[in-house]
1. Quick one: in segment 461-482, of everything that is part of a loop (DSSP other than H, G, I, E, B) and over 32 Å from the mean Cα position of the chain (by Cα), which residue is surrounded by the most Cβ atoms within 10 Å (Cβ to Cβ)?
2. If I filter segment 520-536 down to residues being in contact (Cβ under 8 Å) with a residue 60 or more places away in the chain and assigned to a strand (DSSP E or B), which single residue comes out as surrounded by the most Cβ atoms within 10 Å (Cβ to Cβ)?
3. Working carefully through the options G234, G265, find the one that is under 33 Å from the mean Cα position of the chain (by Cα) and at positive phi.
4. Cβ-Cβ under 7 Å, sequence separation 6+ or interchain: first residue in segment 388-405 and touching a residue at least 24 places away in the same chain (Cβ under 8 Å) and among the polar types (S, T, N, Q), partner surrounded by fewer than 18 Cβ atoms within 10 Å (Cβ to Cβ) and part of a loop (DSSP other than H, G, I, E, B). Which pairs?
5. List every residue pair whose Cβ atoms sit under 9 Å apart, with the two residues 6 or more apart in sequence or on different chains, where the first one lies in segment 413-426 and is surrounded by fewer than 14 Cβ atoms within 10 Å (Cβ to Cβ) and the second, anywhere, is of a type in the set (F, W, Y) and modelled with pLDDT under 90.
6. So Y400 ticks every box in (1) in a loop (DSSP other than H, G, I, E, B); (2) surrounded by 17 or more Cβ atoms within 10 Å (Cβ to Cβ) but one. Which box is left unticked?
Amino acid sequence: MEKIIPLNPRENNPNMAAALRLAEAGFPVFPVSQARKPLVRWKDAASDDPAQVRRWWSKWPDAMPAMPTGSKSSVSVLDIDRKNGKDGYAELRKIGLDPDALSHVRVQTPSGGEHIYFQHPRGLRNSASEIAPGLDVRGDGGYVHALGAVNGSGVFEALDTHLADDVLGLPGWPETLRQVRREAEPAPSPKAPDATDDDLSWARQELDDVCAELAAAEPGGRNHDLNRAAHRLGGIEATGLLDAQEIGYRLLAACAANGLLREDGKTGCLATIRSGRKSGRLSPRYPPDPPVTDEDFEDLRTAEDFEDADHWAAFILGQPIPEPSAKSKTGGLTFTSPGECEEEARRGYVVKGLIGPGQIGCIFGDPGAGKSLIAPNIAYAVAHGRETFGMRTKAAPVFYVAAEDEAGMRGRVRALLAEHGEADGFKLVGGVSDLFRNDSPDLKALRRAVKDQRPSLIVIDTLAMAFPGMDENSAEGMGRVVAVARALTKWGAAVILVHHGTKAEGNTPRGHSLFNGALDMALHLKAKDQGGIVRGHLTKNRNGSCDLDIAFTIDVRTFGHDEDGDPIEAPFASEISPDALSRTVRLSPTERAVMANFAELANGADQVERECLRDKCLSDAAVSSAEKLANRKDTFNRALKSLAQKRVLDVGTDQVGVVNSGGVSDDDFEDLEDEGAEQ
């Protein structure tokens, strides 16, 4: 066979030399570019033939050698990273493994990481950070840059024995790494938006302390200890300071240390961890706060605090207030990349599609429209974490500030309790009479409670009673309302204000336009229709569509009798699902007028004489104001026919009654058409 002479002799090309050394020892290799891109179909082409290696490097003299892992080479590699906030070395030590003692074949990478070589166990595949952050696995389907490869950053250098010189045989894959490999879980919870370095440091210390305590647990109560540890950390997870994956991994590692993992198995330990985390998330744990001082209220600024009126308006609307230094460099502009915009869009929700953390909303409408019924209904749903009006919620604490009719609101909450059961996270806040004054003790107490208990939703019912003496029509007055609301959102809560609508049937809340401009959500309620249904229309929604179907009826719960024997009752909003709402019959004004006459004649009965209903409607201008009797009869007959077709009324020859289960055909209305023609 013809001898192949390389274009670059081995001694002059360290990458080819590294590839040949491995190939001659029986390990398959293949070339990759300096940008780490394979230059051949490596899964099939990787070869331990030195002649093939020389041909590749004759073609690509600057290539680096790579080696497939897994069954192709009978080698698996643990890739340890220490960059981008990850420390794989520390993670290994947390689960009781010494990186220096795992294998005698170790490679230092140019980036400061390490490749540790093992015998390939059947079925081990690639993974990234599934064991822990900074610990990747290279098994079936993967490859590593070969020992001895050189790039612009340095050399993949042997720390102990070179793989090609190994005579002892690689050690097996560590059993501990098999046990603590994490199962796929939901994506980590986003970091709390207001988390400080001290908050995160506290959470990390709690995680370390809880896991250290669990790792030292003695037999006889370790499963209980595991559940308690998961419960404690689940409470911190609920605040966004720890993520689910890390909690599960660290607790499983502690179980490996105390022997529970060996006895109960991975499945049993994970079941206990999930159960404990689930219960813990219902009782969020927050880092300790320093005492609240007057400095905590500096964000309650007024117009006098701003030299520029535009800055005051920007503050009220929650927009950035440009600093002088920023103006000198960029003219007060901000520049956001698409990636940063994407991150901003993930702010989460309190009620999905309606309001999110840190936002301000308003429920407004005429008196009696049910504002103070739907608001506690939504708040109670958030406390439960159940859907409301077809929208998801996240279970979290809620403050409902009853500034108006606290006693009546207690009854409404009692009705919600009877309808939906206990909600420990719902707190009715009483005693609030003035949030308007700059030195308001009520505001200081409320802010202190919000900071301590961190509710995700605060409802203030009503705006007028919570801010007495405020001029709604002035920018200064409504600016103060917005400033207080924004101050309450400082720790991530959403704030909903219950308010009145404009007198002229407008689509905005009452008062200065500055208030509506600062809102992220505005829900307008209209008085109930003839069918007793109250409908809400979103006039503003920065979280989704304004076409949401929001409707309810006002029902009553009875709680025994008072000293006079009269029933004790309280109203509550009974939601109508979007599906049921789509089936709700809509009546024209004429049809509603006919129904009003029917109800008056029936007086609780199921049917009335058809002739009596006709005569009453013909004399009712609400049904028809036409001068000619024939025209009024035509209008009545058309309305009656439509009510029958809509299955509202059952129309017979002599009687008209509430609808039955029978069908309606056009033949049933021939006499109506004839009757109109006679006149």
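The values are calculated or read from the model by the stated rules, or taken from the named source; none is laboratory data. These figures come from a predicted structure and were not determined experimentally. Cβ sites come from the backbone with ideal geometry, for glycine too, and all protein chains shown count toward neighbours.
1. Quick first cut of segment 461-482, residues part of a loop (DSSP other than H, G, I, E, B) only: 462, 467-474.
Among the residues that remain, those that are also over 32 Å from the mean Cα position of the chain (by Cα) are: 468-474.
Details: P468: 12, G469: 8, M470: 20, D471: 13, E472: 17, N473: 11, S474: 13.
Selected residue: M470.
2. Ranking the qualifying residues of segment 520-536, first place goes to L523.
3. So the residue among G234, G265 that is under 33 Å from the mean Cα position of the chain (by Cα) and at positive phi is G265.
4. As it stands, the answer is T393/G385; T393/R386; T393/E387, since those pairs meet every condition given.
5. Close Cβ pairs (under 9 Å, with a partner that is of a type in the set (F, W, Y) and modelled with pLDDT under 90) amount to A418/F559; A418/F572.
6. Among (1) in a loop (DSSP other than H, G, I, E, B); (2) surrounded by 17 or more Cβ atoms within 10 Å (Cβ to Cβ), the lone unmet condition for Y400 is (1).
Residues are listed down the side, and each one gets a yes or a no for (1) modelled with pLDDT of 85 or more; (2) part of a helix (DSSP H, G or I); (3) touching a Lys or Arg at 6+ places or on another chain (Cβ under 7 Å):
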| site | (1), (2), (3) |
| --- | --- |
| L207 | yes, yes, yes |
| A212 | yes, yes, no |
| H224 | yes, yes, no |
| I236 | yes, yes, yes |
| E246 | no, yes, no |
| Y249 | no, yes, yes |
| K266 | no, yes, no |
| C269 | yes, yes, no |
| R274 | yes, yes, no |
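Residues checked against (1) out of contact with any helix residue (DSSP H, G or I) (no Cβ under 8 Å at 6 or more places or on another chain); (2) farther than 30 Å from Q205 by Cβ; (3) surrounded by fewer than 23 Cβ atoms within 10 Å (Cβ to Cβ):
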{"position": "K72", "(1), (2), (3)": "no, yes, yes"}
{"position": "D81", "(1), (2), (3)": "no, no, yes"}
{"position": "R93", "(1), (2), (3)": "no, no, yes"}
{"position": "V105", "(1), (2), (3)": "no, yes, no"}
{"position": "Q108", "(1), (2), (3)": "yes, yes, yes"}
{"position": "E130", "(1), (2), (3)": "yes, no, yes"}
